[in-house]
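Heads up: the structure comes next, in structure tokens.
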Amino acid sequence: MNVTGIDWAIIGAFFLVSLLIGLFTSKKAGSSAKEFFLSGRNMPWWLLGVSMVATTFSADTPNLVTDIVRKNGVAGNWTWWAFLLTGMLTVFVYAKLWRRSEVTTDLEFYELRYSGKGAAFLRAFRAIYLGVFFNVVIMATVSLAAIKIGGVMLGLSPVQTLLIASVVTVVYSSLGGLKGVLLTDFFQFFIAIIGSFGAAYYIIDLPEIGSVSNLLSHEMVADKLDFFPDFSDPNAYIPFFLLPIAIQWWATWYPGAEPGGGGYIAQRMLSAKDEKNAMGATLFFNIAHYALRPWPWILIALASLVIFPNISDMQAAFPAITEDKLGDDLAYSAMLTFLPTGLIGIVLASLIAAVMSTLSTHLNWGSSYIVNDFYLRFLKPEASDKELVAVGRISTVTLMVLSAVLALALSSALDAFNILLQIGAGTGLIFILRWFWWRINAYTEISAMAISFVVAIFFEAINPNIGLIDIPEDQAYLKLIYSVSITTVGWLLVTFFTQPEKDEVLLSFYKKVSPASFGWKKILDKYPEIKQNPGQLPKEIGMMLLGSVMVYTALFSTGFFIYSEILGGIVCGLIALASGLVMLKTWKTLD
């Protein structure tokens with residue numbers, strides 16, 4: 001690939017700005033642990049919302065979308081589009097609850113909602129389980145994308161790519177804390193948007209393609225354009241639409257799309273100025289993530305079917321890429337090699353931005369768990385702020401090293417995505433209900449976590465060897481249904497066979513967070529002096545559905561216009577506009 005001096009200058013300028021932001025924010029970030037991890041709880045919605053989008057603008061996301069589209073068409077994206085329902089539920093129901101809790105991390109929630117050894121175990125275990133294990137897996141998939149981009153576009157070895165991406169990211173993340181991450185995300189977001197849209201525009205105009213209409217009528221593409229799968233084929237509509245929209249969005253736990261909010265999304269909400277800013281940030285994120293960004297990725301994925309119809313075509317074009325890194329997800333990077341001077345630099349900077357934005361967020365989020373929920377809580381409660389910041393910076397470096405090592409062993413972002421979904425299957429409903437149902441206790445969450453993990457290991461590692469449960473290859477989605485069912489029944493039994501939390505713990509949580517009281521009536525009726533909050537949950541759920549309609553119809557409106565189906569584009573656009581106006585008007589009536 002012909003990367004010229006102009007391109008390298010653009011990339012160098014990008015690196016320089018990112019480092020300067022880290023240096024600029026380092027002094028204030030180092031003043032206290034809360035400043036390092038939450039930016040003083042004073043961040044506006046627009047900065048937090050852009051940061052959420054930038055974080056999920058990960059370099060592995062276009063690779064994932066390309067993998068999905070090449071295998072299953074545009075409709076295959078319902079695998080992740082369904083998580084919009086989770087996101088909108090977080091906007092209108094959970095964002096304000098998280099902000100009211102005033103915890104430093106979402107794991108601190110455990111000792112606010114529960115008590116005793118069970119709560120302490122949950123907080124300590126998940127600090128390591130999520131902050132290290134899950135976090136490292138997510139960062140490894142991002143690093144894998146960086147490896148494929150570096151190998152295809154720059155001819156770099158995996159180790160060279162990881163060294164370059166890791167060093168700069170670790171420097172500004174460890175120096176600037178969350179504020180440095182937020183400001184860098186803001187800058188990187190616009191680079192990423194320009195890069196993805198610019199790349200899609202140029203690639204569609206390649207001589208081999210010529211125009212959007214030529215692309216859409218090509219024999220390799222024409223049967224992959226539907227927004228919905230073939231409803232006459234159960235092996236298409238069940239795994240790619242019915243399962244995600246009916247079960248997956250509420251039943252599974254996946255970083256960045258946690259039912260009820262959590263992880264780095266919760267970290268952003270907790271750092272907001274107030275409840276309205278927390279809600280505004282998550283609303284902006286969901287609109288931009290699901291309606292604004294997908295089409296450039298989808299168009300490039302479709303174009304790749306024309307240029308590289310088979311994996312063997314990519315192997316022939318890029319012989320230096322090792323066989324274990326070859327896959328449909330490589331097609332996105334392969335298509336970018338056709339870009340001209342100048343645009344190559346912008347696109348490379350945008351991809352580097354996507355990698356660094358996601359890595360920096362996960363590094364800060366993971367180290368917040370290690371510092372606040374493990375080191376400070378269990379190892380050294382008397383630690384000074386200076387010491388906590390130092391531990392945070394050390395853990396940042398450590399997490400990056402571990403994820404880089406794992407990235408060298410991975411081969412596909414889609415494989416990692418499916419494994420993480422399987423491990424979290426059946427736990428999601430707890431994260432939705434624990435705010436509104438007093439009966440859930442620490443052992444509910446412990447049992448769900450243990451059962452879902454054991455069931456995932458069974459289906460992914462044990463059952464394929466012993467064949468205890470027959471799951472045809474074309475019905476692999478049954479694993480998720482079995483996992484959700486077994487885990488849900490298991491934690492419900494544990495909930496009813498164990499003692500509820502003590503009244504004083506439940507009342508303390510209720511008074512601080514003030515959720516809708518309908519699921520708390522049994523405990524609240526014993527204490528008539530406690531003011532009950534009926535809440536506006538039905539209205540909030542209605543707004544969640546309205547917001548989802550708005551985003552989906554905006555997404556499809558764009559698609560119809562790209563397909564030159566003008567009437568469909570206008571109808572969906574009007575529905576999106578009307579839904580948005582009603583939603584904004586109703587927002588003003590929320591407490």
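Tabulated values for the structure
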quantity	calculated
Highest to lowest packing among 460-472, 236-248, scored as the average C-beta count within 10 Å	236-248, 460-472
Kirkwood Rh (inverse of mean 1/r, distinct Cα pairs), the range 5-412, angstrom	21.6 Å
Packing rank of 434-446, 481-493, where each peptide gets the mean count of other beta carbons within 10 Å, highest leading	434-446, 481-493
For the range 185-297, fraction of C-alpha pairs farther apart than 18 Å, in %	69 percent
Å³ per residue enclosed by the Cα convex hull of the range 75-202	179 Å³
Cα centroid of the range 201-274 to Cα centroid of the range 568-591, whole Å	22 Å
Degrees, to the nearest 10: 503-513 long Cα axis against longest axis of the chain	50 degrees
Helix axis angle, 60-72 relative to the chain longest principal axis, alpha carbon, degrees	70 degrees
Distance between the range 92-163 and the range 309-337 - C-alpha centres, whole angstrom	30 Å
Rounded to 10°, Cα long-axis angle of helix 343-368 versus longest principal axis of the chain	20 degrees
Above-threshold pairs, the threshold being 23 Å between Cα atoms, out of 539/588; 276/539; 511/585	511/585
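No value in this document is a laboratory result; all are computed from the given coordinates. Keep in mind the model is a prediction, meaning the values are calculated, not measured. All Cβ positions, even for glycine, are placed from backbone atoms using ideal geometry, and neighbour counts span all protein chains on display.
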